[in-house]
1. Let me know the Rg and Dmax you get for the chain when you use only its Cα atoms, in Å.
2. If you take the beta carbon distance between residue 10 and residue 109 as r and set R0 to 41 Å, what does 1/(1 + (r/R0)^6) give as a FRET efficiency, to the nearest 0.05?
3. Bins of 10 Å, beginning at zero and ending with the bin holding the largest distance: percent of Cα pairs per bin for segment 1-73, please.
4. Counting other C-beta atoms within 10 Å, which of 12, 65 has the fewest, and how do the rest follow?
5. What does the convex hull of the Cα atoms come to per residue for segment 72-120, in Å³?
6. To the nearest 10 degrees, how steeply does helix 41-59 sit against the main Cα axis of the chain, on a 0 to 90 scale?
7. Ranked by Cβ crowding within 10 angstrom, fewest neighbours first, how are 86, 40 ordered?
8. Which angle from 0 to 90°, rounded to the nearest 10, does the C-alpha axis of helix 128-142 make with the longest principal axis of the chain?
């Protein structure tokens, strides 16, 4: 049991580190678009979100969840998450922007919400089969 808990914490830390790197990509591309274009919050946000999602999915699939099975299915499940998350986060970001909130406060809050929800979604939905395989191997070794 301790081995499983330790692996879960290591998995969480890896996800955190890759998410931080994706956050750097998202924040820097957002800032660049904000400076070089006349666009409002939402187009800058959508483009920067897409860049960070591609980065984060690639690294977390390979290093955090170590899933080499059905990449198209895994990506389709991630797309389903973002089909729900993106319109909602774009909507609330736009509403907060219209209320006069700072772009970067909105972005930071949205990134934290994204991190928390995506970790659990990836762990228990997208990569659950790979997780189940590893847990059954650990259980067999402990017996």
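1. Cα only, the chain: 17.1, 62 Å (Rg, Dmax).
2. Numbers: r = 27 Å, r/R0 = 0.67.
So the FRET efficiency works out to roughly 0.90.
3. Histogramming segment 1-73 at 10 Å steps yields 19, 36, 27, 14, 4, 0 percent.
4. Going from sparsest to densest Cβ surroundings: 12, 65.
5. So the per-residue Cα hull volume is 63 Å³.
6. 20 degrees
7. 40, 86
8. With rounding to tens, the tilt is 30 degrees.
Throughout, read-outs are computed from the coordinates displayed, never taken from laboratory work. Everything numeric here is computed off the predicted structure, so don't read it as measured data. Backbone-built Cβ (ideal geometry, glycine too); neighbour counts: all protein chains shown.
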